[in-house]
Amino acid sequence: MNAPAAGLPVPQARRILSIWLPAMAMDRWRQGASERRELDDKPLVLIADTAHGPRIEAANRAGAAAGARAGMMLADARTLCPEIMTAPSDPAGDLSFLEKLAVWAQRWGPWSAMDAPDGLLVDVTAVPHLFGGEERLVADVVEAFAGRELAVRCAIAPTAGAAWALSHYAVSGTIVDPPSEGEDLERALQNLPVAALRLDQDVVTVLRRLGLKKLGELTTIGRDAIQRRFRNRKSPAANPLVRLDQLLGRVPEPLLPVVPQQMPLVQRRLMEPIRHRQLLDQVVEDLAEDMARELEGRGEGARRLELGLWRVDGEVTVRRLELAAATREAAHIVRLFATKLDDIDAGFGIEMLRLRASWAEPLALEQDDIEAAAENHGIALSALVDRLTVRLGEGAVSRPVPFASHIPERAQRWQPPLEPEPASQGQLAFHKRPLKLLERSEKIAVLYATPDGYPQRFRWRGEVHEVSRVEGPERIAPEWWRERGTTRLRDYYRIEDQRGRRYWIYRLGIVGDGRGGAPEWYLQGLCA
């Protein structure tokens, strides 16, 4: 091997730090309120609702000592420990917490990645000398997480797979030196269980049934035999050879670094606390203008804004806005917050206000048309939607969009007003539909000459209607891919009674279809 040229830096061997938080969900739950720490000595589990009943997601030490395990049904755990206590799990909150930890962990390396659901990977290549060596770096990691009351296990290895395996199945703090030969890393990991390959549980079960319990045993039967057994497995977590090659560094493993984003934030620290609404509105207006300038400099517009108000007594009040479209118009932001501040209790005074855009989208700079702006005295659709949403509540403003279904009550769906229509939902060609559909079809009594003939008279809401004109039928078959096999077809009729009023009715089923008794009639719409 040739020596590196003089003056050129020697390339550093890659070093990956794996951080595993085995009790992250429970540790995070304990930090939610001070009284929760008093339950440490009592068996407690975090549960999630499933189709088969509550399932345990995490257990504290007392719960684990009582026999509770993650993945166990709560009913089974109660047979072992009837007095076990429960609390709802929060997987979305745990994932957000893990993302924040990934950003915080970049103090030990230039980039970090989430290893969901309870781990982190940090690239510490050429970094350990800043901490006095890899042993002290690991000690610093353990101490930092202990300061946040989080249990942690960690390890350093040349690959992400090897570091993960050591942190989960070896002694915490294990460090594997950079291998000088390709076999060094393999020898260091050969006594770990096959579960250290990050495989699906069913694959681990198959390997154990084949007598392969340790990583070193995978090389005793040859790659061809394993390849034939798992040749149809495409996912890396379902193929032991792919995971083994990633673990040993034979093939690259893509990792997605967490990139911290600094969201736009502006604030005002007041010389004197304010208690009056007029002064509060003035400060909010100043903050909105500052936010508009900040967003303009970044080429973005706000979709979600959070206004925090700090009182003299330490209490913090937060008001949030979610906008229909990205904007940086200060006047519009002020108008929306005006309604949100009506119930603010200033107490002894508000001494600081902070406005943060927790969700921003790109919004390019545009030069306005002076003549068009002078003629336009209306209000933009997005601004109208925002004002209606603030007044009526979140989710109160929506619009119907076509949906690919022949069943009338399914032919449209509701979505946020400014979102584009789904591209996959094409419009179907229908016969002419009534102007008004009832929220639910109403059952009617129909008299007809023959079982399959036109309706002659029907009773609806206590009134008898004589049928003078009939158009139809229009037959609509059930959607077999959504319906049960016993669902009956519909025959729709457009009818007009003796007073000239028009209705849209249908017969559910036909005589002798084998899917029920006599057909039933329903009124579904009113025609023009």
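Using C-alpha pairs below 8 Å separated by at least 6 residues, the relative contact order for the chain is 8 percent. Measuring spread by the Cα atoms of region 95-248 yields a radius of gyration and Dmax of 16.6, 49 Å.
Only helical runs count toward this figure. For the chain, summing -39,500 (n - 2.57) over DSSP H runs of n ≥ 4 and dividing by all residues gives -8000 deg cm²/dmol at 222 nm.
Relative contact order of region 265-362, please, whole-number percent, based on alpha carbon pairs below 8 angstrom and at least 6 residues apart.
Working: 177 pairs, mean separation 45.5, N = 98.
Relative contact order comes out at 46 percent.
Think of each Lys and Arg Cβ as +1 and each Asp and Glu Cβ as -1; about the Cα centre, that makes the dipole of region 184-270 roughly 260 debye.
Note on VAL142/MET263: beta-carbon distance plugged into 1/(1 + (r/R0)^6) with R0 of 35 Å gives a FRET efficiency of 0.65. If Lys and Arg each add +1 and Asp and Glu each add -1, what is the summed charge of the other residues whose beta carbon sits under 13 Å from the beta carbon of ALA225? The answer is +2. Taking other residues whose beta carbon is less than 15 angstrom from the beta carbon of PRO236, and scoring Lys, Arg as +1 and Asp, Glu as -1, yields +1. A DSSP coil position with no more than 12 other Cβ atoms inside 10 Å describes the following GluC sites (Glu not before Pro) in region 42-137: GLU83. If you line up the long axis of helix 134-147 against the longest principal axis of the chain, both from Cα atoms, how many degrees apart are they, to the nearest 10? Result, in degrees: 50.
For LYS443 and GLU329, calculate 0.36 nm times their separation in residues minus their Cα-Cα distance, and state this gained length in nm to one decimal.
Roughly 35.8 nm would be gained on extension.
In terms of Cα atoms, the Rg and Dmax of the chain work out to 33.1, 105 Å. When you filter the chymotrypsin sites (Phe, Trp or Tyr not before Pro) in region 277-366 for DSSP loop state and at most 15 other Cβ atoms inside 10 Å of their Cβ, you are left with PHE348.
Between LEU130 and VAL316, what FRET efficiency comes out of the Förster formula 1/(1 + (r/R0)^6) with R0 = 35 Å and r the beta carbon distance, rounded to 0.05? Present the calculation step by step, with values, prior to reporting the outcome.
Values: r = 37 Å, r/R0 = 1.06.
My answer for the efficiency is 0.40.
With the simple model of a label 7 Å out from the Cα in the direction of the Cβ, ALA237 to THR205 spans 1.6 nm.
Applying both filters, DSSP loop and at most 15 other Cβ atoms within 10 Å, to the trypsin sites (Lys or Arg not before Pro) of region 456-492 gives ARG461, ARG482, ARG484. Applying 0.36 nm per residue to the separation of TYR454 and ARG304 and subtracting their alpha-carbon distance, the gain on full extension is 48.3 nm.
Under 5 Å between amide hydrogens, built in the peptide plane, is the criterion, and for TRP111 it picks out ASP123 among residues at least 5 positions away or on other chains.
Sequentially through region 153-166, phi angles give Karplus couplings (6.51, -1.76, 1.60; θ = phi - 60°) of 10, 9, 7, 10, 8, x, 10, 5, x, 5, 5, 5, 4, 5 Hz, Gly and Pro residues having no value and appearing as x. Here the chain is treated with +1 on each Lys and Arg Cβ and -1 on each Asp and Glu Cβ, and its dipole about the Cα centre works out to around 2240 debye. Within straight-line reach of LYS213, meaning a Cα separation under 16 Å, there are no lysines at least 8 residues removed in sequence or on another chain.
With charges set only on the Cβ (+1 for Lys and Arg, -1 for Asp and Glu), what does the dipole of region 86-237 come to about its Cα centre, in debye to the nearest 20? Walk me through the numbers before you get to the answer.
Values: 17 positive and 20 negative charges, 165 e Å.
So the magnitude is around 800 debye.
Overall shape of region 431-527 was characterised from the C-alpha gyration tensor. The equivalent ellipsoid obtained from it has semi-axes of 22, 16, 12 Å, in decreasing order. For ARG399, nonlocal amide neighbours, meaning residues 5 or more places apart or on other chains whose placed amide H falls under 5 Å from its own, are GLN415.
Sum up the charges of everything whose Cβ sits under 13 Å from the Cβ of LEU309, counting Lys and Arg as +1 and Asp and Glu as -1, but leave LEU309 out.
Numbers: positive: ARG268, ARG269, ARG275, ARG277, ARG311, ARG319, ARG320, LYS340, ARG354, ARG356; negative: ASP281, GLU306, ASP313, GLU315, ASP343, ASP345, GLU351.
Summing Lys/Arg as +1 and Asp/Glu as -1 gives +3.
Model label points for ARG37 and VAL464, set 7 angstrom from Cα along the Cα-to-Cβ axis, are 8.0 nm apart. Extension gain for GLU272-TRP104 works out to 57.0 nm (0.36 nm per residue, less the C-alpha to C-alpha distance).
Rule-based calculations on the coordinates, nothing more; no lab input. Note that this is a predicted model, so its numbers are computed, not measured. Cβ coordinates were reconstructed from backbone atoms using ideal geometry, including for glycine residues, and neighbour counts include every protein chain displayed.
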